[in-house]
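Reviewing the structure listed below.
The values are calculated or read from the model by the stated rules, or taken from the named source; none is laboratory data. Since this is a predicted model, take the numbers as computed values, not measurements. As a convention, Cβ positions derive from the backbone with ideal geometry for all residues, glycine included, and neighbour counts pool all protein chains shown.
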Amino acid sequence: MLVTLGFALSAVVIPILAIYGHARLQGTILNFANKVSSVFALIYAVLVYAISISLPSPRTASVTYEMAIQPYFEISSLWVSTIYFALVLVFALNRTKILSLIGKFLTPLIVLILMCIICIGLFTDVEPIRASIFDNSFTDGILEGYQTFDAIGGVVVGAVIVVSLALQGKFNYEEKKAMIARAGFIAGLGLLIIYGGLIALGALYSGTVLIENRTQLLTLLSTNTLGNIGTAFLGILVALACFTTAVGIVTGTADFVKGLTKSSQKAYTITAVLGCIIGVAVGHYGVAYIIAAAVPALMFIYPITIVLILLNILPKKYSTPLVFRVVTITTLIFSIPDFLQFFVPEGSLDAVRSFIPLSKQSMGWVLPAFIAFIALNIFKLIKRDY
């Protein structure tokens, strides 16, 4: 239960708040961090897109290989990722509405199949549930939620929604705010149902299934509930969904670079090509490997992202530019040990981390950031009264 709550907090609630933040702000990803400073906003945006094109994008190829190719064909993952990103590049350089149309049909189908897996699986008699493998259920659930990249997705997608509505030119501020907030709530509710159901299903089968690989586990659960045909159909749908996601990440990153270079089409093309080369290089590794490789990057970017999201949804009187700067810098400083632990000899940071509350749970930034926020606002109230 605590794992689910922690996971839902970082993978559902925070992304919904990111969308709501954009509903209030109605700007770009640069505006989301601009109160810290324009330079910081640019660096943050570059890091977000760099991480997105280096980890989640290649992971879509790896998921496609493990769910839709490997179970049925003897072919190298390198060949699959090469063909996969060659097609991604074709679609990125030749934009079409086909993928958008496919996406409209894919999402309901995938949700329907996942709901079938969850419902059938939950009403199946299985062995008793094993004890949780997590030492700190709530915080470990939060950290597992990082791997969805949904908070980062909320920041990026929220900006895309704002731009899309602005281009239509027929909605005022309040109408756009209501539409964006409603879209975020509906998406979040869907995520909560799917994530919660899959977590419950995984826990239910923990007594009979001893698999930790995520794609293998989902494949096994779908086979147990829907049979081989259902599993094959799910694999095809997931592959298509992954492909549209990869195209979206590559084109989104290329659009961002194009915007920084005075609408240079050459910059767009170079970025798209580099993104696909990175996709091939990283995407032929297994999903488990990419997930493990993503942890250090997530430990660095996620705390900052969460803080920016929370500050952007607060009333302006509590989130002044000074509050943005101090709280964000505090978060950055106290998340460094959580990030560095993956690059230094084991135990070498124990002395430092022992003085920081929650640092052993890789969340040492939480209390310092909260204290900085409270202290600044109390100081502002005292200063105003005198």
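Residue-by-condition table, conditions (1) closer than 22 Å to residue 110 by Cα; (2) among the hydrophobic types (A, V, I, L, M, F, W, C); (3) in the same structural domain as residue 83 (by TED's automatic domain parsing):
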site: 215; (1), (2), (3): yes, no, yes
site: 226; (1), (2), (3): yes, yes, yes
site: 233; (1), (2), (3): yes, yes, yes
site: 257; (1), (2), (3): no, yes, yes
site: 264; (1), (2), (3): no, no, yes
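Take the conditions (1) surrounded by fewer than 17 Cβ atoms within 10 Å (Cβ to Cβ); (2) modelled with pLDDT of 75 or more; (3) more than 17 Å from the chain's Cα centre (by Cα); residue 196 misses just one of them, which is (3).
Kindly check whether there is at least one residue in segment 239-246 that is part of a loop (DSSP other than H, G, I, E, B), aromatic (Phe, Trp, Tyr), in contact (Cβ under 8 Å) with a residue 60 or more places away in the chain and under 25 Å from residue 82 (Cβ atoms). Give the derivation first.
So in segment 239-246, the residues part of a loop (DSSP other than H, G, I, E, B) come out as none.
The answer is no; no qualifying residue exists.
Among the conditions (1) out of contact with any helix residue (DSSP H, G or I) (no Cβ under 8 Å at 6 or more places or on another chain); (2) at pLDDT below 95; (3) aromatic (Phe, Trp, Tyr), residue 370 misses just one, which is (2).
Against the conditions (1) touching a Leu at 6+ places or on another chain (Cβ under 6 Å); (2) part of a loop (DSSP other than H, G, I, E, B), residue 12 satisfies every one except (2). Residues in segment 63-73: is at least one in contact (Cβ under 8 Å) with a residue 40 or more places away in the chain and surrounded by fewer than 14 Cβ atoms within 10 Å (Cβ to Cβ)? Looking for residues that are in contact (Cβ under 8 Å) with a residue 40 or more places away in the chain and surrounded by fewer than 14 Cβ atoms within 10 Å (Cβ to Cβ), one finds at least one in segment 63-73, hence yes. Just the residues that are surrounded by fewer than 20 Cβ atoms within 10 Å (Cβ to Cβ) and either without any contact (Cβ under 8 Å) to a residue 40 or more places away in the chain or among the β-branched types (Val, Ile, Thr) (or both), please, taken from segment 215-238. Selection gives 217, 220, 223, 227, 228, 229, 236. Of all residues in segment 327-359, those being among the aromatic types (Phe, Trp, Tyr) and either more than 20 Å from residue 139 (Cα to Cα) or assigned by TED's automatic domain parsing to the domain that holds residue 34 (or both) number 1. Pairing residues of segment 166-179 that are of a type outside the set (A, V, I, L, M) with residues that are surrounded by 12 or more Cβ atoms within 10 Å (Cβ to Cβ) and not in a helix (DSSP H, G or I), at Cβ distances under 8 Å and at least 6 apart in sequence or on separate chains, gives 173/26; 176/26; 177/26. Just one of the listed residues (302, 318, 268) is over 30 Å from residue 90 (Cα atoms), without any contact (Cβ under 8 Å) to a residue 60 or more places away in the chain and of a type in the set (Phe, Trp, Tyr), namely 318.
From the list 158, 188, 230, exactly one residue is at pLDDT 85 or above and over 23 Å from residue 290 (Cα atoms). Which is it?
Values: 158 fails: at pLDDT 85 or above; 230 fails: at pLDDT 85 or above.
One residue alone meets the criteria, 188.
When the residues of segment 39-51 are filtered to those that are more than 12 Å from the chain's Cα centre (by Cα) and β-branched (Val, Ile, Thr), the one that is farthest from residue 238 (Cα to Cα) is 39.
Kindly indicate whether residue 167 is crowded, with 16+ Cβ neighbours inside 10 Å, modelled with pLDDT under 85 and either in the same structural domain as residue 147 (by TED's automatic domain parsing) or over 17 Å from the mean Cα position of the chain (by Cα) (or both). Here the answer is no, as residue 167 does not meet what is asked.
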